[in-house]
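The values are calculated or read from the model by the stated rules, or taken from the named source; none is laboratory data. Quantities reported herein were computed from a predicted structural model and do not represent experimental measurements. Cβ placement follows ideal geometry from the backbone for every residue including glycine, while neighbour counts extend to all protein chains displayed.
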Amino acid sequence: MTSQKNDRFLRALLRQPVDATPVWIMRQAGRYLPEYRATRAKAGNFLTLCKTPELACEVTMQPLDRFDLDAAILFSDILTIPDAMGLGLQFVEGDGPSFTNPVRTAADINKLAVPDPGAELRYVTDAVSLIRKELDDRVPLIGFSGSPWTLATYMVEGSSSKEFSKIKALMYEQPKLLEQLLDTVSASVASYLNAQVEAGAQALMIFDTWGGVLTPELYRRYSLAFMHSVLDQLKREHDGKKIPIILFSKGANHSLADIAATGTDGIGLDWTINIADACARIGTEVAVQGNLDPAVLYSSPEVIRQQVKKVLDAYPHETGHVFNLGHGIHPGIEPENVKALVDAVHEFSQR
């Protein structure tokens, strides 16, 4: 058991009884909140916001002060690991992230080393410790990382991509070299997540944003296999308490049973599958997180409530459901609509 004042989220991931379905929202600390935009303006730029533990803590807490959420998630970015590897992360307004030193050759990949979480990534673990202290066990804290495959796409492409031409060329032409890169990134992700647990994270999530750009066969080889490798390296308990893990692969509904077989505690679902259909493929041994279409939040509170109830009613089991969107919240959403969603989840799911 936990010492949490609100432990619904942890209990649901462990498939234990809860008094109501827990809810949190991917990117819940973000641009849709005016207070977040004010703090980001104070920081001067996004990277400074991420790399200043006090500011990262401030924005992590902001949605919890507005909404009755059942978990907090560390405010950071998935690209912290490649940045710590010396790839030169930068964010240009309107263009998204890019690297000044992408990895394209065997020489580039051979130079990569696993970052020390206590040195190059110390700002992240400091933020985790600060957030845990600020939370005072109000709700659990989720730590996270990008998946090895998703991080590798940015590292090789050098920025966001639509075609993924560079990493797919590497995959088809030099598969062993890509696997070497993914091995290094997997070790880095595991080290990073373990450090977050040591600093106070009580659950972990791996975001595989770009797993769905692969064929089912290649997804299992280059994305899922390396997430499985990360899971095998993680500390699954800390201070006598289990640390639940959630794997989220956007666009990989073809492999839900394989994801469940990794030993993960929870599977994040995108919005393109009915939650009952997903549960039929997954079975009852793994919790499910999701999976409202984020665009529903552009509609009225009445419609939001209807759509929330639809997802809750479709979930076929008594336990093991964490309500969330099927991807991150969009920046243009009205905060009042988020409140309507959160309140509806708790109202409709009261046991």
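Miscellaneous remarks
- Unmet criterion (only one of (1) buried (at least 16 other Cβ atoms within 10 Å of the Cβ); (2) in a helix (DSSP H, G or I)) for Ile246: (2)
- A single entry from Val303, Val288, Val308, Val296 fulfils the requirement of being in a helix (DSSP H, G or I) and surrounded by 22 or more Cβ atoms within 10 Å (Cβ to Cβ): Val308.
- Of the residues making up the stretch 134-186, those that are small (Gly, Ala, Ser), surrounded by fewer than 17 Cβ atoms within 10 Å (Cβ to Cβ) and farther than 19 Å from Leu89 by Cα are Ser165, Ala169.
- Being among the polar types (S, T, N, Q), at pLDDT 95 or above and in contact with an Asp or Glu (Cβ under 6 Å, 6 or more places away or on another chain) holds for only one residue in Ser188, Ser249, and it is Ser249.
- The residues listed here are Phe99, Phe75, Phe91; of these, the one that is surrounded by 15 or more Cβ atoms within 10 Å (Cβ to Cβ) and either within 24 Å of Gln180 (Cα to Cα) or in contact (Cβ under 8 Å) with a residue 60 or more places away in the chain (or both) is Phe99.
- Test: residue in the stretch 135-148 that is within 20 Å of Ala106 (Cβ to Cβ) and modelled with pLDDT of 95 or more: yes
- All positions within the stretch 1-29 that are in contact with a helix residue (DSSP H, G or I) (Cβ under 6 Å, 6 or more places away or on another chain), buried (at least 20 other Cβ atoms within 10 Å of the Cβ) and assigned to a loop (DSSP other than H, G, I, E, B): Val18, Thr21, Pro22, Gln28, Ala29
Conditions tested, residue by residue: (1) of a type in the set (Lys, Arg); (2) under 21 Å from the mean Cα position of the chain (by Cα); (3) part of a helix (DSSP H, G or I).
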| position | (1), (2), (3) |
| --- | --- |
| Met155 | no, yes, yes |
| Lys168 | yes, no, yes |
| Val185 | no, yes, yes |
| Leu193 | no, yes, yes |
| Val197 | no, yes, yes |
| Ile206 | no, yes, no |
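- Taken together, the residues in the stretch 43-61 that are out of contact with any Leu (no Cβ under 6 Å at 6 or more places or on another chain) and touching a residue at least 12 places away in the same chain (Cβ under 8 Å) amount to 12.
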